[in-house]
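Since the structure comes first, as C-alpha cells, the remarks are kept for the end.
The values are calculated or read from the model by the stated rules, or taken from the named source; none is laboratory data. Just so you know, these numbers come straight off a predicted model, no measurement behind them. Heavy atoms of the whole protein, side chains included, go into the accessibility calculation; ligands, DNA and RNA do not. Shrake-Rupley method; radii C 1.70, N 1.55, O 1.52, S 1.80 Å.
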Amino acid sequence: MTGIKYAWSALGGDPTLPARVTTVTRAGTLPAHLPVQRLARACVGVCALAAAELGARRTGAAEVPGVRVDDGAVATAFTSERHLLVDGRAPVQFAPLSRFWRAADGWVRTHANYPHHRARLLGALGLPGDAAPEEAAARIAGRTALEVEEAVYAAGG
C-alpha cells in the first residue's frame, strides 16, 4: 500500500483516497531482483483509483468507490504477452533492433518495433534503413548511453 500512497501523492491526488484501495498480495507473482511486483501493484492501484475518482465525478457520486488490486491479476496483465499464442505459437515480441545494447559506459535500451521507430533509431546512428543489428551494436558501443539517447530523441525517436 505504501507504493500506491507514494505514487498517488506524487501525482497530486487527494491524500484520503488511497484508503479506498484494497490489495491482495501474493508472494512470488513477479519474481525479480528489483521490487517489480510492488511497482506493478502501485501502477495498477493508482490507475484504478484515478478511474474510480473520474467515474464518481462524472456520475455525481457522493464518494469514490473502493477498488481492489490483486497481485495475481496484476502479474497476469504485466506478463500477458507471454501467454499469447497465434496459431499455437508465441509471436515474435520484439524487433531485432529492440533490445538492451552495450554502450561505451553501460547499457541503453532501444525500441524499434514500429517502422518509424526503426527509422529514427537508424538515422540517429547514421545507418541505412537496411542496417543489420551488428552494425547498430557497433555504433552504440562507441557512444555513451546518454549520447545514444540524446541522438535518438533529437531524431524524433
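Summary table
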item: Amide H partners (placed H, <5 Å) of residue 67, local residues excluded; result: 21, 22
item: Segment 38-94: C-alpha pair distances exceeding 13 Å, %; result: 68 percent
item: Length added when fully stretched, residue 6-residue 154, from 0.36 nm per residue minus Cα-Cα; result: 50.0 nm
item: Most to least accessible of 152, 69 (protein chains only, probe 1.4 Å); result: 152, 69
item: Carbon plus sulfur fraction of accessible area for the chain, probe 1.4 Å, in percent; result: 58 percent
item: Per-bin percent of Cα-Cα distances, segment 16-157 [5 Å]; result: 2, 9, 13, 13, 10, 12, 14, 12, 9, 5, 2, 1
item: Debye-sum result for segment 57-137 in log10 I(q)/I(0), which assumes one identical scatterer on each alpha carbon, at q = 0.22 Å⁻¹; result: -1.05
item: 4 °C / 1.567 mPa s Stokes-Einstein diffusion coefficient of segment 1-87, Kirkwood radius on C-alpha pairs, µm²/s; result: 93 µm²/s
item: Per residue accessible area of segment 58-124, 1.4 Å probe, in Å²; result: 69 Å²
item: Estimated vicinal HN-Hα couplings, Hz - segment 93-98 in sequence order (Karplus 6.51, -1.76, 1.60; Gly, Pro = x); result: 8, 10, 5, x, 9, 9
item: Length-normalised contact order for the chain - Cα pairs under 8 Å, 6+ apart - percent; result: 17 percent
